[in-house]
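Chemist: Pasting a structure here, questions to come.
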C-alpha cells in the first residue's frame, strides 16, 4: 500500500495535490511519502518481532539524508556498500554499531575509515578481502567483526542484472571456501568472524528462493557446529519485491510465516537489509509533457524527465505505472497508445512503450509510479542535465530534501588548465 491516490480526479501524495507540488517546485521532481516509507519499515519490524531483528535499510536504494535520518530515528540501522555511503550514514546520525558494510571491492581507504568508526561488521565477499581486512585491522590494533557472505547458488527468479546468489555471480563465497575460512579463523588474529550473510538478489516476489537459501545455510551451520565453529549473527540481506505492475509479491507477514521457523532454529541474532521494500512505492517521479508527436507508426509523448533521471526502464526494461496527475471522466473514454519518452539523445530514453493512456496534451503532468528505489540514486548528469529536486510530503506539508542542481553545479569540479587559456 502507498499514500498516492486520486481524490476528486486529482492525484494526491498523502494530503497534498501532486499538481501543486509540480507547479511550485518545477519538474522533473521526485516526491516521497514519509508515511508510506515508515509504514513499510514498521510492517517488516512487526512481522519479525519474535526474533527482534536489526533492520538495516539498504542505502543504495535511495541515499537521501532526509530518508536515512527518518528511518534511523525510528530505530533502523543502515546497510552500506561504499565509503560515500558510510559518510552519509554517519551524517544521518546512524550509530556505527548499527552499520553493516557489503561490496565486493572495498578499497584500503574505505576499510580503514570503517574500522576507525567502529561499524558493526563487514560483509566479506572473498578470501583476499578477508586477508586485507585482517592486515588493516592489525595496524589499528583492534579486533574487527566480519560476516562471511555466502553464495548459496539458488535461483531467485528475477532480472539477471539483479541476481546475486548464483554461483556464476561475482558476489559471495561458496560453502567449501567458507568452511576452509572458518576452520582457519584463528590464524586471522585481527578479525572475529561473527556471522553469515546472504543476499540472493532484488525484486524477489516469492518466498521459495529465500527458504532454499536459508535451508542451505542452516545445514552449513550444523556442519560447522560439529566442527567446533559457533557464530552470533545471520544476515538475511534484502530483496523483497514490490508491486510495479501486476505482481503479487509476498507481504511481510507471509514472508515471516515462511522463514521465521527456520530462523528460530538457528538461535542466531537476525539482521535484515531491505531497501526497495521500504522506499520503492514511497516515491514517484513527476514530469511535464513538452510535446506530442505523431509519426506514421507511432505517437510519442515527450516529457521533461529522461533516462538520466530514472534509468530503470532503459537499463532493465523495467515497468513503471504511469498516471496522469489529473484524471477527468473524459479520460476514461479517450485513450491512445503512446510511447512516453524523454529529451535525451538516445533511443533508449523512454519510460513506457506502446502504453495505453488517457489522451495527454502539452503542459499536462504525469507521475511515474514506484520510483522511490533506484530512481534518484542511479540518476546522472548525462547530456549535462541537472539532477532533479526531491521533496518529502508529511501529511499536508511538503519539504524540499534536495535542491535542484544549478548549471554551476555541473561545472564545479572541472578545471580548464592554464595552458589552454592562452590558445
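Chemist: Would you point out which residue out of 67, 80, 99 is within 17 Å of residue 374 (Cα to Cα) and touching a strand residue (DSSP E or B) at 6+ places or on another chain (Cβ under 6 Å)?
Modeler: 80
Chemist: Give the residue, chosen from 120, 183, that is touching a strand residue (DSSP E or B) at 6+ places or on another chain (Cβ under 9 Å) and at pLDDT 90 or above.
Modeler: None of the other options fit; the residue is 120.
Chemist: Quick check on this structure: which one of 403, 389 is surrounded by fewer than 14 Cβ atoms within 10 Å (Cβ to Cβ) and modelled with pLDDT of 95 or more?
Modeler: Answer to the selection: 403.
Chemist: Quick check on my filter: what residues within segment 284-307 are under 22 Å from residue 363 (Cα atoms) and either without any contact (Cβ under 8 Å) to a residue 12 or more places away in the chain or surrounded by 24 or more Cβ atoms within 10 Å (Cβ to Cβ) (or both)?
Modeler: Result: 284, 285, 286, 287, 293, 294, 295, 301, 303, 305, 306, 307.
Chemist: I would also like to ask the following. Based on what the data block shows, is residue 144 more than 23 Å from the chain's Cα centre (by Cα), under 21 Å from residue 269 (Cβ atoms) and at pLDDT 95 or above?
Modeler: So residue 144 passes the test.
Chemist: Next up: Checking residue 408 against (1) without any contact (Cβ under 8 Å) to a residue 24 or more places away in the chain; (2) assigned to a strand (DSSP E or B), which single condition isn't satisfied?
Modeler: Evaluating residue 408 over (1) without any contact (Cβ under 8 Å) to a residue 24 or more places away in the chain; (2) assigned to a strand (DSSP E or B) leaves (2) as the failure.
Chemist: To continue, here is another question. Among the candidates 98, 60, 141, which residue alone is at positive phi and either surrounded by 17 or more Cβ atoms within 10 Å (Cβ to Cβ) or assigned by TED's automatic domain parsing to the domain that holds residue 266 (or both)?
Modeler: 141
Chemist: Can I ask one more? Evaluate the following for residue 46: is it assigned by TED's automatic domain parsing to the domain that holds residue 306, assigned to a helix (DSSP H, G or I) and in contact (Cβ under 8 Å) with a residue 12 or more places away in the chain?
Modeler: In short, no.
Chemist: What tally of residues in segment 391-407 results from selecting those that are touching a strand residue (DSSP E or B) at 6+ places or on another chain (Cβ under 7 Å) and closer than 16 Å to residue 4 by Cα?
Modeler: 5
The values are calculated or read from the model by the stated rules, or taken from the named source; none is laboratory data. Only a predicted model underlies this, so the values are computations on that prediction, with no experimental measurement involved. Virtual Cβ from ideal backbone geometry, glycine too; neighbours counted across all protein chains shown.
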